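This report refers to the structure that appears directly beneath it.
What follows is calculated from the coordinates using simple rules that are stated; it is not laboratory data. Note that the structure is predicted; figures quoted are calculated from it, not measured. Don't worry about glycine lacking a Cβ; one is built from the backbone with ideal geometry, like all the others, and counts go over all protein chains shown.
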């Protein structure tokens with residue numbers, strides 16, 4: 001068996017992770033050899049894109065469905081993500097609004113606006129000084145590294161995100177791309193968990 005293929009459990013214990021076409025949510029269903037659990041690959045790809053915008057990640061993960069368990073899905077998602085190129089990581093970053101950019105959140109990122117708004121929820125309570133510092137920091141970061149500041153914002157205050165941005169600005173590009181890629185991996189996992197909720 002190809003090591004990149006998902007493990008197949010015994011049929012009586014096999015669990016399929018599929019995408020419900022109407023709700024666009026993943027769900028786990030038991031194996032039934034007389035009624036295969038399948039999801040339209042196009043609809044599943046659209047749902048996966050809300051978790052991570054790297055086309056190579058979406059296509060590779062989508063081709064490996066169904067999975068025999070939720071942990072198997074997470075393991076494959078991580079393995080694929082960490083095997084991608086820097087260009088793929090940068091593509092994923094383009095699917096996020098800048099921290100604190102409420103206008104872009106509503107316009108450009110409508111498909112993930114609810115999630116991103118929740119992830120960046122603490123920005124709403126930020127002081128004007130913090131918002132200005134975030135905007136200036138975002139601009140400096142993008143100018144230096146060529147992509148937006150990526151941080152897993154869930155549970156972080158605007159001041160915490162600003163402190164992280166300022167701490168990461170001195171990084172060398174090779175170091176920072178790895179940090180940003182790790183933050184995207186955290187975001188992807190949280191969003192996969194939301195799809196499975």
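By how many nm would the segment from residue 78 to residue 46 lengthen if fully extended, with 0.36 nm per residue of separation less the alpha-carbon distance?
9.7 nm
So how do 179, 151 line up by other beta-carbon neighbours within 10 Å, fewest first?
Working: 179 15, 151 22.
The fewest-first ordering by Cβ neighbours comes to 179, 151.
Return an integer: the convex hull volume of the alpha-carbon atoms of the range 121-197, in Å³ per residue. The partial results should precede the final answer.
Values: hull volume 6.5 nm³, N = 77.
Convex hull of Cα atoms, per residue: 84 Å³.
With a point put 7 Å past each Cα toward its Cβ, work out how far residue 129 is from residue 190 in nm, to one decimal.
2.6
With the crude spin-label approximation of a point 7 Å out along Cα→Cβ, what separation in nm comes out for residue 157 versus residue 94?
3.6
May I ask you to sort 188, 154 by Cβ crowding, counting other Cβ atoms within 10 Å and putting the fewest first?
On the way: 188 24, 154 14.
If I rank by nearby Cβ atoms, fewest first, I get 154, 188.
Only counting other Cβ atoms within 10 Å, I'd like 82, 74 sorted with the fewest neighbours first. Kindly include the intermediate steps, with their values, before the conclusion.
On the way: 82 11, 74 17.
Least to most surrounded, the residues fall as 82, 74.
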